[in-house]
Amino acid sequence: MRTIEDILSLFPGTTESDWKKHENGGGWVQITANVGATCRIEGIVSGNAWVSGNAQVFGDAWVSGNARVSGNAQVFGDAWVSGNARVSGNAWVSGDAQVSGNARVSGNAQVFGDAWVSGDAQVSGNARVSGNARVSGNAQVSGNARVSGNAQVFGDAWGISPLQIQGSVHFATNCKFGHISIGCEVHTFAEWKTNFRSIGKKHGYTEAQIEEYGAIIDLFCKIGK
């Protein structure tokens, strides 16, 4: 459990009078934040954040900015919910995951590992975002969809898992409808079909790796969205 000295070292512009211990869990709440008595707080709630209902913030987790955590939601581990993000329902955010911007995590959704959900993205239903995955922009991941590994999804609505393949060099993802991300390159299906050889050479792929990713691109074009 963090001491007040730990808190002041993390927030050097504040003083001891700016903080109080939550009576249910002993975590630290900045006086500008709003936390309900029924919540369990072991972590940190700072800024103008709200935590309400039966929500829990435990471990070394942190809720900051204008973020809201409500219902039976849980934020734990080293997870961070910030900005104007909302975590509600029975959702979990854990591990080293981050939810920021205007992102929404709701229902029974879980975001964990080193995953990030940001921008205007929404993760709901029984969806899972894990590993080093990134869900951003206006993407909507719902139902039983899974986004994992190094996948990047930044557009459209996904009620089923977007196609994701770990190749021998980079992860490939059907990142939005009609688009594939491979490493840092994002192009339409047609652009990949035309240019995959030159793109591969630019990134130092061997001829065998270029052929491998050509086959991966063909599969995306055949069964991707």
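The values are calculated or read from the model by the stated rules, or taken from the named source; none is laboratory data. Everything quoted here is computed from the prediction, not taken from an experiment. Cβ: placed from backbone, ideal geometry, glycine included. Neighbour counts: every protein chain shown.
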| said: Checking Leu8 against (1) in contact (Cβ under 8 Å) with a residue 24 or more places away in the chain; (2) assigned to a helix (DSSP H, G or I); (3) over 23 Å from Val99 (Cα atoms), only one condition comes out false. Which one? | reply: (1)
| field | Of all residues making up segment 116-139, the number that are closer than 21 Å to Ile165 by Cα and surrounded by fewer than 21 Cβ atoms within 10 Å (Cβ to Cβ) | value | 4
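Do we have Gly159 as surrounded by fewer than 19 Cβ atoms within 10 Å (Cβ to Cβ) and on the phi > 0 side of the Ramachandran plot here? Step through it out loud before you land on a result.
Working: surrounded by fewer than 19 Cβ atoms within 10 Å (Cβ to Cβ): yes; on the phi > 0 side of the Ramachandran plot: no.
Spelling it out, it is not the case that Gly159 is surrounded by fewer than 19 Cβ atoms within 10 Å (Cβ to Cβ) and on the phi > 0 side of the Ramachandran plot.
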| Can you name the strands (runs of 3 or more DSSP E) wholly within segment 148-196 that have at least 2 residues being in contact with a His (Cβ under 8 Å, 6 or more places away or on another chain) and without any contact (Cβ under 8 Å) to a residue 60 or more places away in the chain? | 179-182, 185-188
| message | Looking at the structure I just gave you, is Asn72 within 19 Å of Asn102 (Cα to Cα) and surrounded by fewer than 22 Cβ atoms within 10 Å (Cβ to Cβ)? | response | no
| Residues in segment 35-51 that are surrounded by 13 or more Cβ atoms within 10 Å (Cβ to Cβ) and over 17 Å from Ile7 (Cα atoms): how many? | 6
| request: Select from segment 201-219 the residues that are over 29 Å from the mean Cα position of the chain (by Cα) and not acidic (Asp, Glu) and list them in ascending order. | output: Lys201, Lys202, Gly204, Tyr205, Thr206, Ala208, Gln209, Ile210, Gly214, Ala215
| task | Return yes or no: is Gly107 over 18 Å from Gln164 (Cα atoms), assigned to a loop (DSSP other than H, G, I, E, B), out of contact with any strand residue (DSSP E or B) (no Cβ under 6 Å at 6 or more places or on another chain) and assigned by TED's automatic domain parsing to the domain that holds Asn48? | result | yes
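Which residue is farthest from Ile217 (Cα to Cα), if the candidates are limited to segment 165-207 and must be of a type in the set (S, T, N, Q) and touching a helix residue (DSSP H, G or I) at 6+ places or on another chain (Cβ under 8 Å)? Break it down into steps so the answer makes sense when it comes.
Kept after step one, since they are of a type in the set (S, T, N, Q), are these residues of segment 165-207: 166, 168, 173-174, 181, 188, 194-195, 198, 206.
If we keep only those that are touching a helix residue (DSSP H, G or I) at 6+ places or on another chain (Cβ under 8 Å) too, we end up with 168, 174.
Values: Ser168: 14, Asn174: 10 Å.
Step by step, filter segment 165-207, then rank; the result is Ser168.
Identify the residue in segment 13-22 that is of a type outside the set (Lys, Arg) and modelled with pLDDT of 95 or more and, among all such residues, is surrounded by the most Cβ atoms within 10 Å (Cβ to Cβ).
His22
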| field | Subset of segment 194-225 that is out of contact with any Asp or Glu (no Cβ under 8 Å at 6 or more places or on another chain) and basic (Lys, Arg) - its residue that is surrounded by the most Cβ atoms within 10 Å (Cβ to Cβ) | value | Arg197
| field | Number of the exception - Gly27 against (1) crowded, with 23+ Cβ neighbours inside 10 Å; (2) within 23 Å of the chain's Cα centre (by Cα) | value | (2)
